[in-house]
Structure formats: structure tokens, C-alpha cells
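Bear in mind that the values in this text are calculations on the coordinates, not laboratory data. Bear in mind that the values here come from a model prediction, so they are computed numbers and not experimental data. FYI the Cβ positions are ideal-geometry reconstructions off the backbone, even for glycines, and counts take in every protein chain you see.
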Amino acid sequence: MFCFQCQETAKNQGCTISGVCGKKEETANLQDLLIFNLKGIAVLALKGKESGVDMTTEAARFATKALFTTITNANFDDNSLVEWVNRAVACKKTIADKLAGDVVGQLHDSATWFSTDIEEFQAKAKTVGVLATENEDVRSLRELLIIGLKGIAAYAEHAAVLGKEKDEIYNFILEALASTTKDLSVDEMVGLVLKAGEISVVTMATLDEANTSAYGNPEITEVNIGVGDKPGILISGHDLKDMQELLEQTKGTGVDVYTHGEMLPANYYPAFKKYDHLKGNYGGSWWRQNEEFESFNGPIVMTTNCIIPIKKSNTYGERIFTTGVVGYPGVEKIADRKEGGAKDFSKVIALAKTCKAPKEIETGTIVGGFAHNQVLALADKVVAAVKSGAIKRFIVMAGCDGRQKSRAYFTEVAEKLPKDTIILTAGCAKYRYNKLNLGDIGGIPRVLDAGQCNDSYSLAVIALKLKEVFGLEDINELPISFDIGWYEQKAVAVLLALLHLNVKGIRLGPTLPAFVSPAVLKVLVEKFDIKPIGDAGDDVAAMMLGK
Ligand code: SF4
Ligand code: SF4
């Protein structure tokens with residue numbers, strides 16, 4: 001196996017024996033084979049379109065979901081991945097059957113390879129993974145594109161679940177997948193990576209519209225982090241439709257609902273706040289789940305990443321459920337909803353009724369809900385505070401949390417920033433500092449949480465609005481610094497989106513991505529002045545000087 005798609009990759013080079021995340025070799029191989037088949041689907045679908053057989057929407061819908069299932073900490077289940085590969089091969093066959101035989105024969109191997117033999121899957125996978133591209137820089141550009149595409153696909157799938165789809169996104173997903181089967185020039189490959197940033201902005205805007213039209217605009221909310229005395233269900237991941245259906249089905253059952261990790265921002269939506277039995281958020285970010293799921297006592301529903309391996313010492317294996325693109329061996333999966341229907345959470349609810357209430361691990365509240373609409377409602381106050389000098393600088397510390405000790409940097413930065421700075425955040429990075437008492441500036445909290453990682457879009461909208469209000473030409477003239485923590489592929493999509501918006505001087509950590517080769521990094525540094533994080537104190541001093 002060779003996988004270097006996340007920040008925790010072994011030695012910051014690549015996982016080769018098994019994943020630091022717990023992914024086994026066979027699982028990694030099946031994911032590689034699935035990606036290979038998705039490239040084949042894209043090649044066939046685009047060829048079909050050229051020949052008057054347009055199956056691009058169906059092909060892109062499938063590829064979007066399948067890309068999502070390969071992101072870090074989403075699917076550890078080999079049986080499920082074998083099924084995904086079989087479905088991908090069947091999808092290719094459907095398209096190929098509609099094309100003339102001599103057309104298909106001339107296409108890339110990813111389009112013409114057909115098998116349903118599981119042993120052949122493993123053998124083939126070993127020849128089509130990341131290292132199949134020998135040139136380090138070509139590999140780097142292809143993988144930067146595929147990894148960013150996985151993030152885009154995740155956001156596009158969330159929007160699609162809520163009925164919002166865009167041809168522009170689907171067309172790019174196919175174009176990008178197919179591009180990696182061709183010998184393109186460096187300029188063409190860099191162009192596609194930058195276009196991924198543009199499509200990432202479009203996708204996040206589409207998801208924002210999907211979320212807010214379905215559930216309202218997030219609003220300032222104090223979220224309880226303590227527990228009640230009734231049994232509860234803990235829901236994690238990012239899928240708001242799952243959240244809605246679970247809340248509806250638990251109404252009046254005597255079972256409470258708590259969010260975990262990236263589901264925390266669900267508490268900020270008006271449509272969910274109306275449920276009294278949405279009790280608040282339990283615990284911290286994804287990597288703490290082995291301890292926090294244990295003490296929660298009740299069932300857990302994983303709607304998307306991040307699920308992490310269940311340890312032998314854990315007892316929650318019997319009360320955790322997956323759904324959607326998530327898979328874990330031996331864990332029961334809640335089936336997809338049928339057209340027009342809802343998922344059935346009755347088994348989870350029945351189990352919850354037999355469980356003890358969650359064990360209290362902390363008490364108090366945290367404040368969030370500062371997505372673009374809410375911040376723009378406070379715009380006059382914010383602008384006045386900037387003009388009067390009460391707010392000197394905004395620091396965007398969005399992104400991810402993770403296990404590595406070096407992430408303490410982000411807590412240190414939050415603590416060391418002068419009291420006249422505001423931290424804008426989104427994603428699970430916030431758990432590094434959202435329970436510190438950082439105070440407020442004239443009633444504006446010093447940590448403004450916009451929501452999930454996809455809500456980083458809100459931070460871009462806020463920055464663009466401030467640029468407009470202050471009559472600036474360039475977003476980089478604003479008193480804003482970007483200090484981003486990354487972990488998995490959605491964060492890469494967000495990073496590419498920021499580059500598309502011409503944000504310069506981003507600090508990135510805890511390490512720079514292993515999939516960026518020295519030559520590709522040189523391009524990113526020259527074009528965008530990307531830099532690694534350093535010492536927290538030095539970085540704070542530099543950011544306060546606008547560097
Ligand atoms: S997802 Fe990350 S930790 Fe897991 S195998 Fe890939 S690089 Fe390694
Ligand atoms: S913030 Fe990062 S680690 Fe957390 S779910 Fe989003 S992309 Fe993944």
C-alpha cells in the first residue's frame with residue numbers, strides 16, 4: 001500500500017505497511033482500485049458524451065459518492081469497498097455497452113479493465129495506486145488534484161442529499177478524474193489544480209445554500225456541553241439531513257440527542273434548535289472518540305467521517321452505527337433512505353432506551369453560530385470596532401484537529417494573540433481553543449465559530465464583505481492572517497478555495513502535505529507565499545505585523 005492523503009501519514013512521507021489511521025493494506029488497495037475505476041468511469045462518460053451518449057450526470061453522481069467513501073476515516077470495511085468496486089465496474093460496463101466496441105478498445109486501461117474477481121482486485125490494485133505515476137512532480141500534481149477532488153465530492157454529496165446539484169461541479173469531477181489518465185503539461189496540471197479551487201468555492205456555496213434553505217441561517221447560540229439525566233444518542237459527522245431525521249424520530253421518545261465533533265454546528269440552526277431534546281454537544285473532536293464514546297453510554301451514529309478504529313478495550317462496538325458512505329467491519333449500518341422517504345433510526349432509538357444516561361465529562365456552554373449571515377448582521381458593530389482600533393486583526397484559524405501533540409501550537413496561538421484580535425474559525429480545529437475563556441471585544445466574542453469545515457465558505461464571504469466595506473482592491477490588504485490546521489482531504493479542498501480567492505501568506509500546519517513535492521511547493525510558495533507554521537510566539541508576532 002501507499003497512502004499519503006492525510007496530515008498524519010507515516011513520517012510525513014506515506015503509509016506503506018498499514019495506515020496511522022488504522023487502515024489496513026487490503027482496504028487501502030481497494031480504495032486505490034476504486035479510484036482507478038472512477039477514472040475509467042470518467043473517461044468512458046466523457047467519451048460517451050462526445051459520441052452522443054450522455055451519461056455524465058449518472059456517472060458523476062456515482063463518482064461523487066465513491067470519492068467521498070475513500071476519504072480518511074470514512075470507510076474501513078473491505079466488504080463495502082468490494083461492493084463499491086463492483087458497482088463501479090458495472091457502471092463502466094453500462095456506459096461501454098452503449099459505445100461502439102472499437103471506441104472502448106482505444107481508451108485508457110482504467111476504462112477497459114473489467115473484473116468481478118476479488119483476488120484480481122488486490123492484484124490489480126497493486127499496479128494502479130499512487131506510485132504507479134513514477135515522476136514525483138506529475139504524481140504530486142495528480143494527487144493534489146484527486147485529494148482536493150475528494151473534499152469537493154464530500155461537499156457536493158452533502159448538497160445533493162438536500163437536492164442541490166450543479167452540472168459545473170459534476171463536469172469538473174469527471175474532467176479532473178479523466179485528466180489523471182493523460183500525459184498533460186505541468187501548466188495544464190497546475191491549471192486543473194487551481195480550477196479545483198474555483199470549483200471548491202462553487203461547491204461550498206452550493207452546500208451553504210442547501211443547508212440554509214433547508215434549515216435556516218445559523219444564529220448565535222450557547223451550546224450546552226454538560227449532560228441531562230435521560231439516555232441519549234450521539235450523532236457525529238456532517239450530514240444535516242440525518243440530523244433532522246434523527247431529531248424528528250426521537251421526538252417524544254424520552255431519548256435525548258447530543259452532537260459530537262463536526263456535528264456541533266447543527267446546534268446553531270433554527271430548524272434544529274426548536275427540538276428541546278437536542279441537549280447540546282458531548283466531548284471534543286474526532287480523535288477523542290475512543291474515550292468519549294465509551295463514557296457516553298448510549299448509541300452513536302456516524303453519518304460521515306471521522307470514525308476511528310474501535311479498540312479492544314472499548315465496549316461501544318455494540319452500540320455504534322454507521323450510515324451513508326461510512327463503513328466499519330462488524331458495525332451495523334443504517335440503510336439509505338428510499339426516494340422521498342427517511343432513514344429508519346428506530347433500532348438506534350430502541351437501543352438508546354435500554355442505555356444509561358451519558359456520563360458527565362464537562363459542564364458549561366460554548367458559543368457558536370457565526371456563519372456569514374449572522375456576522376454580516378453584526379457588520380456595523382464589527383466595522384466600527386475595526387475603525388476605532390478596538391479590533392486590530394482577524395486571525396482565521398479554521399481547519400482540522402488531529403492527534404499530533406504539535407497541534408498544541410493552535411492553542412498556544414489562541415492564548416498568545418493580543419486581546420484586540422478576533423479568531424475566525426470553522427471545522428474541528430476550534431476544539432483546540434473553543435473552551436478557553438478568551439473574552440470578547442465590546443460584546444463580540446473573540447472566537448467566532450462559523451460551523452463545519454465546509455462553512456469556511458462563510459469566512460471567505462465575511463472577508464470579501466469586509467474588503468467591500470473598507471473599499472479595498474485586494475483581500476490581502478485586510479487586517480486578516482490565515483493560520484490553518486489541516487488533516488484530511490476536505491481541508492485540502494478548502495485550502496484550494498482560499499488560493500482561488502487569491503489569499504496569500506497562509507500558514508499551514510502542523511506539517512506541509514506529503515503529497516506536495518518540493519517542485520510543486522516552490523510553485524505554491526512563489527504564487528501564494530504559503531508557509532509552514534513555526535513557533536507560536538514568533539508566528540503571533542509576525543501575524544500582528546501583517547506578515
Ligand atoms: S489516510 Fe492518512 S493515516 Fe490513513 S493510510 Fe492514508 S495517509 Fe496514512
Ligand atoms: S475539519 Fe478537518 S478533520 Fe474535521 S471533519 Fe473537516 S476536514 Fe475533517
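Here are the numbers for this structure:
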item	result
Proximal lysines relative to K230, as straight alpha-carbon distance under 18 Å, when same-chain residues fewer than 8 apart are discounted	K251, K279, K347, K353, K356, K359
Relative pair counts by distance (%), Cα atoms of the stretch 270-409, 10 Å bins	9, 27, 31, 20, 10, 3
E332, E119, E248 arranged by Cβ crowding within 10 Å, fewest neighbours leading	E119, E248, E332
Built amide H within the under 5 Å cut-off of F482, gap 5+	V396, R507
Cα-based reach from K124 at 13 Å (exclusive), listing aspartates and glutamates while leaving out same-chain residues under 8 positions away	E26, D32, D109
Per-peptide average of other Cβ atoms within 10 Å, ordering 310-318, 19-27, 322-330 highest first	322-330, 19-27, 310-318
Placed amide H near V223: partners under 5 Å, 5+ positions off or other chain	I366, V367, G368
Listed residues L545, N434, I484: farthest to the positive end of the dipole of the chain (Cβ charges)	N434
Rounded, prolate or oblate (a/c below 1.5 giving rounded, otherwise prolate when a/b exceeds b/c) for the stretch 497-536 by Cα gyration tensor	oblate
Peptides ranked, highest mean first, by Cβ atoms within 10 Å: ranges 281-287, 433-439	281-287, 433-439
Cα shape, the stretch 221-353, gyration tensor, a/c 1.5 rule	rounded
Cα gyration tensor shape for the stretch 249-305, rounded if a/c is under 1.5, else prolate or oblate	oblate
Given charges at Cβ of Lys, Arg, Asp, Glu: the chain dipole, positive-most of L81, I320, V202	I320
Along each principal axis, Cα extent of the chain, largest first, Å	71, 58, 42
Peptides ranked, highest mean first, by Cβ atoms within 10 Å: ranges 249-259, 200-210	200-210, 249-259
